[in-house]
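Everything on this sheet refers to the single structure shown next.
The values are calculated or read from the model by the stated rules, or taken from the named source; none is laboratory data. Given the structure is predicted, the values throughout are model-derived calculations rather than measurements. In this analysis, Cβ positions are derived from the backbone assuming ideal geometry, glycine residues included, and neighbour counts consider all displayed protein chains.
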Amino acid sequence: MGKRIISQARGHGSQVYRVRRKAYSIRIGYPNTDGTAKIIRIMRSAGHTAPLLKLQIKGKIFYIPAFQNAYEGQEINIGKSEDIKQGDILRLKELGQGTKVYNIETVPGDGGKLIRTGGSFAEVAKKEMNRVVLLMPSKKTIALNENCRATVGVIAGSGRLDKPMMRAGKRFYAMKAKGRKWHYTSAVKMNAVDHPFGGGRGKRIKSKIAKRNAPPGAKVGHIRPRRTGHKR
C-alpha cells in the first residue's frame, strides 16, 4: 500500500511537519519613524541564518538582520543621512550606484522582504524614472519603487557554510532548531505507489507535467510550464 508523499503529509498538519513557532517569534521590519536608532543587542535566532540586531528608536523596538562589523551601542540613521555608512536604513532613491544593500522592501512600508540570508547583498545598478534597478546575488536585475527602504551594507554570517557538517547529529539538531523535516527521501528512489516520480528502476528521471488543477500529491514536477525540453 502506498503512503502520503511529503507535500500531502505537510498539508495534513501532523506534528512532524509543524513549524516550530519559537524559532520564528522575532519579526523583522523597519519602524515608521525617521531618526537615529541605537543597537541594544546582537542576538542569535534559530530561524535565521544571520544574527539579528535589536534596535531602539524613540522608545520603540525593532529587529533587522545584522550587518558586518556591527557592535552594541552603535548608532545608525533611519531616513536621510549626509554621510552614508554601513547599517543606515535609507530609501533606494537616496543611494548611489554600486551601493551594497540588504533587507530590501518590495513595496514601500512592508519592512523588508528581499536579501535576508547570511552573507548576501544586492547592488544598486541604476536609476530610471521613479524606479531603482538592483543587481541581485543571482546576477539578475529587479526594478523597485524608489521609495522602498533598504539597509546599507552586507549581512553578517557569511562564513556559515565554510565549515561543513561532519556528523549527521549536527545536521539533526540544526534542522530541529528550525523546525525542518529531516531526513527525507529522494522521490525517484521511491516505489511507483509512493510518488509520481517513483518506479523508474533507479535515477532515470523522466519529465512529468502536472495539470494546473491537480490535487496536492499529483502536483509535482513541471506545473503547467510554457514549454519543456532543451532550448535550441
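May I ask you to verify whether S158 is free of Cβ contacts under 8 Å to residues at least 24 places away in the same chain and under 21 Å from the mean Cα position of the chain (by Cα)? Considered against the rule, which asks whether it is free of Cβ contacts under 8 Å to residues at least 24 places away in the same chain and under 21 Å from the mean Cα position of the chain (by Cα), S158 comes out as no. Considering segment 33-48, the residues that are in contact (Cβ under 8 Å) with a residue 60 or more places away in the chain and surrounded by fewer than 18 Cβ atoms within 10 Å (Cβ to Cβ) include one that is farthest from the chain's Cα centre (by Cα), namely A46.
When the residues of segment 152-180 are filtered to those that are of a type in the set (K, R) and surrounded by 13 or more Cβ atoms within 10 Å (Cβ to Cβ), the one that is farthest from V19 (Cα to Cα) is R171. Are any of the residues in segment 26-49 part of a strand (DSSP E or B) and on the phi > 0 side of the Ramachandran plot? Looking through segment 26-49, at least one residue is part of a strand (DSSP E or B) and on the phi > 0 side of the Ramachandran plot. Checked against the criterion of being within 24 Å of the chain's Cα centre (by Cα) and among the aliphatic types (A, V, I, L, M), the candidates A177, A192 yield just one match: A177. Summed over segment 201-220, the residues that are under 17 Å from N191 (Cα atoms), modelled with pLDDT under 85, of a type outside the set (K, R) and surrounded by 10 or more Cβ atoms within 10 Å (Cβ to Cβ) give a count of 3. Taken as a whole, the structure places G2 among residues that are touching a residue at least 40 places away in the same chain (Cβ under 8 Å), loosely packed, with under 15 Cβ neighbours inside 10 Å and assigned to a loop (DSSP other than H, G, I, E, B). Just to verify a result, which residue in segment 105-124, among those that are farther than 16 Å from L135 by Cα and of a type in the set (G, A, S), is surrounded by the most Cβ atoms within 10 Å (Cβ to Cβ)? Going through the qualifying residues, I end up with G112. Residues that are within 21 Å of the chain's Cα centre (by Cα) and either more than 27 Å from T141 (Cα to Cα) or not in a loop (DSSP other than H, G, I, E, B) (or both) within segment 70-105 comprise A70, I89, L90, R91, L92, K100, V101, Y102, I104, listed in sequence order. Only one entry in G229, G217 is of a type in the set (G, A, S), part of a loop (DSSP other than H, G, I, E, B) and within 21 Å of G2 (Cβ to Cβ), namely G217.
Of the numbered criteria (1) crowded, with 16+ Cβ neighbours inside 10 Å; (2) touching a residue at least 40 places away in the same chain (Cβ under 8 Å); (3) polar (S, T, N, Q), the one N147 fails is (1). Within segment 1-32, the set of residues being under 30 Å from I57 (Cα atoms) and more than 22 Å from the chain's Cα centre (by Cα) comprises N32 only.
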